[in-house]
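Visitor: Okay, here's the structure, questions in a sec.
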Amino acid sequence: MARSRDNVSDRRPYRRALLAAAAIGLIIAVPSLCVFTVDSADYAIVTDFGKPTQVVAAPGLGFKHPLQSVWRFDRRLFVYASPPNEFLSIEKTPVVASGTILWRVADPKKYFETVIDRRGAESRLGDILSAELGAAIGSNRLVAFVSTDAAAYRADAIVAWIAGRCGAAALRDYGIEVVDVQLRGFDFPKQNRLRLYARMKSERGRISMLYRSEGEEEGLKVRAGAEEQKARILGKAIELSQQRRGEGDGEAARVYANALSRAPEFYAFLRAMEASRTFARKSTTIVLPADSPLFGVLFDSKYFNRGAPGSDELRGELPRK
């Protein structure tokens, strides 16, 4: 009996040490189970058996019960590139299009309740983008996306409409904010490209012919206007030249008349020289009578001055060498 009492008394220090160690471990473990930290780039949601009970958006320390769990979601921007999908335009032209979404978590609670993680969120965003992109392409003509005509090209406005629709649906259903949507790719299916390119080539040829015909018509108008202006200018120039020529002929006639009245023999001499220059060309043989006026100056240098009144006065007015 005494030995059993001694054994119990010997075990008491061990029990006390075990209880002390358990108390210390509990003191250390309880804060770690009740306190958590939230980074500035995260949202935190405290759940009680899977049910959200607390949403922490501000960075710092948070508190919870030991049995509660903490879920963290990145609040930064993400980029999601959707895979290419085939759609039909309003004129039943097949196209392959893809888009890019810039998004982030806006409502952590709804995000947790609907998609839970990034993979689920991007899956839902891909479905929304595919639906809205197909609706936009199916309600517009192909030239709204691919055209050289500024009036027909409307891709920017259509993409903005898609972004608004996607943003409203994602925020309402999944607590996701869509910051931007861009059209990443827009092409034709490989099996239809040759036929579509041939049709586009013929369309461009038709437009080029139209531009050429309009240019030729405009060129004809410009040339006709230029010819009309040229004819008007030439008419005025001819009229002015004839007027100046008439004035010159009148002045020349006056000068000739004045010279003839003062020296008729000199005028007769000039006329004879002009007549001889007219019909006497190189290697020309002329047979004339000896008394011809053309030969008179050859035999007598004063042939045209015989008895000419005022000849001495005329010689005095001629310039001296």
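The values are calculated or read from the model by the stated rules, or taken from the named source; none is laboratory data. Owing to the predicted nature of the structure, the values given are computational and were not obtained by experimental measurement. FYI the Cβ positions are ideal-geometry reconstructions off the backbone, even for glycines, and counts take in every protein chain you see. These accessible areas exclude ligands, DNA and RNA; they are computed on the full protein's heavy atoms, side chains included. Shrake-Rupley method; radii C 1.70, N 1.55, O 1.52, S 1.80 Å.
Listed here are the residues, each with its yes/no results for (1) touching a Pro at 6+ places or on another chain (Cβ under 9 Å); (2) part of a helix (DSSP H, G or I); (3) farther than 30 Å from Gly164 by Cβ; (4) open to solvent by 100 Å² or more (accessible area, probe 1.4 Å).
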{"position": "Phe186", "(1), (2), (3), (4)": "no, no, no, no"}
{"position": "Leu194", "(1), (2), (3), (4)": "no, yes, yes, yes"}
{"position": "Ile207", "(1), (2), (3), (4)": "no, yes, yes, no"}
{"position": "Leu220", "(1), (2), (3), (4)": "no, yes, yes, yes"}
{"position": "Ile238", "(1), (2), (3), (4)": "no, yes, yes, no"}
{"position": "Gln242", "(1), (2), (3), (4)": "no, yes, yes, yes"}
{"position": "Leu260", "(1), (2), (3), (4)": "no, yes, yes, no"}
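Visitor: Follow-up. Name, by its number, the condition in (1) in a strand (DSSP E or B); (2) more than 30 Å from Val35 (Cβ to Cβ); (3) open to solvent by 40 Å² or more (accessible area, probe 1.4 Å) that does not hold for Trp71.
Guide: The number of the failed condition is (2).
Visitor: Go through the stretch 150-165 and count every residue that is within 16 Å of the chain's Cα centre (by Cα) and in a helix (DSSP H, G or I).
Guide: So the first thing to find is which residues in the stretch 150-165 are within 16 Å of the chain's Cα centre (by Cα), and the list is 150-156.
Remaining after also requiring in a helix (DSSP H, G or I): 155-156.
Final tally of qualifying residues: 2.
Visitor: With the structure loaded, tell me whether Ser147 is assigned to a loop (DSSP other than H, G, I, E, B), within 22 Å of Arg193 (Cα to Cα) and of a type in the set (Ser, Thr, Tyr) or whether it fails that test. Reasoning before the result, please.
Guide: Numbers: assigned to a loop (DSSP other than H, G, I, E, B): yes; within 22 Å of Arg193 (Cα to Cα): yes; of a type in the set (Ser, Thr, Tyr): yes.
Against the criterion (assigned to a loop (DSSP other than H, G, I, E, B), within 22 Å of Arg193 (Cα to Cα) and of a type in the set (Ser, Thr, Tyr)), Ser147 qualifies.
Visitor: Looking only at the stretch 76-103, filter to residues that are crowded, with 16+ Cβ neighbours inside 10 Å and closer than 30 Å to Ala57 by Cα; which one of those is nearest to the chain's Cα centre (by Cα)?
Guide: Per the stated criteria, the residue is Ile101.
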